[in-house]
1. Among A:L12, B:L22, which comes first, then next, by fewest other beta-carbon atoms within 10 Å?
2. Using 0.36 nm per residue of separation minus the Cα-Cα distance, give me the extension gain between B:D94 and B:S29 in nm, one decimal.
3. Residues with beta-carbon under 13 Å from that of A:L98, excluding A:L98: net charge, scoring Lys, Arg +1 and Asp, Glu -1?
4. Provide the per-residue ³J(HN,Hα) series for the range B:278-295, in order, calculated from phi with Karplus coefficients 6.51, -1.76, 1.60 and θ = phi - 60°, each as a whole number of Hz, with x at glycine and proline positions.
5. Among rounded, prolate and oblate, which fits the range B:214-287 when a ≥ b ≥ c are the square roots of the eigenvalues of its C-alpha gyration tensor, a/c under 1.5 means rounded, and a/b larger than b/c means prolate?
6. Which of B:T221, B:T23 has the fewest other C-beta atoms within 10 Å, and how do the rest follow up to the most?
7. Which of the three applies to the range B:1-117, rounded, prolate or oblate, going by the alpha-carbon gyration tensor with a ≥ b ≥ c and a/c under 1.5 meaning rounded?
8. What distance in nm separates the two pseudo spin-label positions at B:S37 and B:D210, each 7 Å out from Cα along the beta-carbon direction?
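Just so it is clear, none of the values below were taken in a lab; they were calculated from the coordinates. What you are looking at is a predicted structure, and each value in this text was computed from that prediction instead of being measured. Note that we place each Cβ from the backbone using ideal geometry, even for glycine, and neighbour counts take in every protein chain shown.
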Amino acid sequence: MRRWIGFILAVLVGIAAGLFYGWMVNPVKYVDITPATLRVDYQSNYVLMVAESYQAEGDLALAARRLAVLGDRPPVEIVRQAMIFAAQAPYADSDQELLSRLAIALQTWNPALEAPVP
Amino acid sequence: MRDERGHWYLLTGLVLGVVLGLTYAWLISPREYTDNSPASLRANFKDQYRAMIAAAYVANGNLPRARDRLDLLKDEDVARALAEQAQRSLAEGDSLSEAQALGLLSVALGQGAPTAFSPVTPNTILVTESPPSATLPAPATATGISLVMTPTVQTHEPSASSTTLNQTPAVTRTLLSTGTPLPTRTPTITPGSPFLLQNQTFVCDQDLSDPLIQVVIQDSTGQELSRVEVVVTWEGGEDHFFTGLKPELGQGYADFTMTPGVVYTLQLAGGGQVIPDLYPAECAAESGDRYWGSWLLVFARP
């Protein structure tokens, strides 16, 4: 009986060691990922780029399409998440202003009214 | 009896546990799945990220910021990656504005242009130009994308290897930022009669740092055409490039950097006139300095 208990304890210690190594010391490095799995700061940077372009181009449908690569969430939610990160980071006021303008524009944007993109 | 079996069972359990732990950590529930950097993006998403960087650069003109963003992708040669993507974008018929943005950023990075760059706001760019000629974009200035080469008559003293070459003065090409609306459609190639070589000139311009083959494509009215594919071949190699990727030099402009000692043949994609024996040749300045000259080829529909 003592041997079984010792064996099980050894297995548990081994599992703990394996998890520590596999998660902390040498975690899996992913390649060929999608933008939706980017770290939040990189996603926020991407959203800021979209906001910068929108500021110049004024094409809200294009901005929404560009944001769509970050996941299935509504575009305005994606921008809001970026705004939260931008406030915490913090981004420059002018950059936060750009994000804010994009979010406001997207709040009233109705994709159903957009002409289909060829 | 028990003591004779020793403690190997502990080691067995430990190894078994480690294997189970690693299997779970690496295969079943790996960490960092939502904590990735742009360098890990799939190739097509990297292209999208790169295009977005270029679009933002065209919007705000902030080159250091664009460079920092591009560093995230960990491309070996950032400018080349941009230029290649611009070529692919044109070849696949994607957005011309996207290809131009990529081209602009590629050029800016290649030149180490200063940060000042008039951001593109809707309907703000007008390209004006005198007859096409060989010029290399000067660094952008604080007042706009001023890519001006002053018209000068240059002394052309061909080296022994270029005694039959003619020299023409450089002509100004200027990109102005104005309030004039940007045309929504850019002239592009349409089926018709083949292009013919209208002018082949060897140009000596000290402002060109590399020996170039410069191509300008025009329609029958003299309007420049973008997205025309040009094929350059040489012994053991071939390259394709498109007009319109350096819009500051004209929608119908494209260039290719020659390697000294290599002889090139140029032809527009889809057949047509073959232009052989294009190779770098030296020019001499008044001070005696020698530098590489460039070929300027102007094609037009008859």
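1. A:L12, B:L22
2. That pair, B:D94 and B:S29, stretches by 19.5 nm at full extension.
3. Around A:L98, the charge tally is -3.
4. Once rounded to whole Hz, the list reads 9, 8, x, 9, 8, 10, 10, 7, 4, 6, x, 5, 10, 8, 7, x, 10, 9.
5. oblate
6. B:T221, B:T23
7. Prolate, since a/c reaches 1.5 and a/b exceeds b/c.
8. Placing both labels 7 Å beyond Cα along the Cβ direction yields 2.8 nm.
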